[in-house]
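**Student:** Let me give you the structure first, and then I'll get to my questions.
The values are calculated or read from the model by the stated rules, or taken from the named source; none is laboratory data. Because the structure is a prediction, the values reported are computed rather than measured. We place every Cβ from the backbone using ideal geometry, glycine too, and count neighbours over all the protein chains shown.
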Amino acid sequence: MRQNRFTERSVACRVVLLFVFAIILFSGIHFTFSSASAAKLLKIGMLEEPKSLNIWRASDAWSSKVLGLIYQSLYIRDPKTLHLVPWLAESDPVYDAATCSYTVKLRQAKWSDGTEFTSEDVAFTGDFINEFKVPKFYSKWKFVKKIETPDKHTLKFYLEKPE
């Protein structure tokens, strides 16, 4: 009789341990070792691999999501109101009806290598899109006739006059 009681306890302990192990295994808990580089690692949960991380060629949603975290825009949309919010721009654009142009002031920012972000960087991007008619962006930029950079933090976008 005594042997059966120990056997029952032994089986019960094994079942409980197996159950606990299964919970840990299938609960999604994972153990990581911290390191200095772990603080610089960005993990993004996605249903699919991005097809391209080339900003000019990426056309799928997953590539756009990742690239949107790498490259910033002048303005973003507030998700609740859908109003434009200055991002790399310092404030709202100022429209000049006489010249059909917008003036945008840039905030202080740096590239990942520490180089200063300037109005020349934005002008280069716009000119590149228009010159090479980059498919993903051209429809949004083709009405920009010319881009001027009066100083390092000011852009002036001249638009085609409406017909």
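**Student:** Report whether or not Leu88 is at pLDDT 90 or above and within 30 Å of Leu47 (Cα to Cα).
**Tutor:** Taking the combined requirement at face value, the residue satisfies it.
**Student:** Mind checking which residues of region 124-163 are of a type in the set (D, E, K, R), surrounded by fewer than 16 Cβ atoms within 10 Å (Cβ to Cβ) and within 26 Å of the chain's Cα centre (by Cα)? Break it down into steps so the answer makes sense when it comes.
**Tutor:** Restricting attention to region 124-163, the residues satisfying the condition of being of a type in the set (D, E, K, R) are 127, 131, 133, 136, 140, 142, 145-146, 148, 151-152, 156, 160-161, 163.
Next, only the ones that are surrounded by fewer than 16 Cβ atoms within 10 Å (Cβ to Cβ) stay: 127, 131, 133, 136, 140, 142, 145-146, 148, 151-152, 160-161, 163.
Hits for region 124-163 are Asp127, Glu131, Lys133, Lys136, Lys140, Lys142, Lys152.
**Student:** Moving to a separate point now. Can you tell me which residue in region 116-126 is nearest to Lys140 (Cα to Cα), limited to those that are modelled with pLDDT of 95 or more and either hydroxyl-bearing (Ser, Thr, Tyr) or in contact with a helix residue (DSSP H, G or I) (Cβ under 9 Å, 6 or more places away or on another chain) (or both)?
**Tutor:** Only one residue fits best here, namely Ser119.
**Student:** Search region 126-155 for residues that are under 19 Å from Asn54 (Cα atoms) and pair each with any residue that is in a strand (DSSP E or B) when their beta-carbon atoms are under 7 Å apart and the residues are at least 6 apart or on different chains.
**Tutor:** From residues that are under 19 Å from Asn54 (Cα atoms), the pairs are Gly126/Val144; Gly126/Ile147; Asp127/Ile147; Asn130/Val144.
**Student:** Please verify whether Lys145 is closer than 23 Å to Trp56 by Cα, touching a Phe, Trp or Tyr at 6+ places or on another chain (Cβ under 6 Å) and not in a loop (DSSP other than H, G, I, E, B), treating the condition exactly as stated.
**Tutor:** Spelling it out, Lys145 is indeed closer than 23 Å to Trp56 by Cα, touching a Phe, Trp or Tyr at 6+ places or on another chain (Cβ under 6 Å) and not in a loop (DSSP other than H, G, I, E, B).
**Student:** I would also like to ask the following. Taking only region 112-123 into account, find how many residues are under 19 Å from Ala58 (Cβ atoms) and surrounded by 13 or more Cβ atoms within 10 Å (Cβ to Cβ).
**Tutor:** Going residue by residue through region 112-123, those that are under 19 Å from Ala58 (Cβ atoms) are 112.
From what's left, surrounded by 13 or more Cβ atoms within 10 Å (Cβ to Cβ): none.
Number satisfying all stated conditions: 0.
**Student:** Could you tell me which numbered condition Ser101 fails, if it satisfies all but one of (1) within 13 Å of Leu155 (Cβ to Cβ); (2) touching a residue at least 60 places away in the same chain (Cβ under 8 Å)?
**Tutor:** It fails just one condition, (2).
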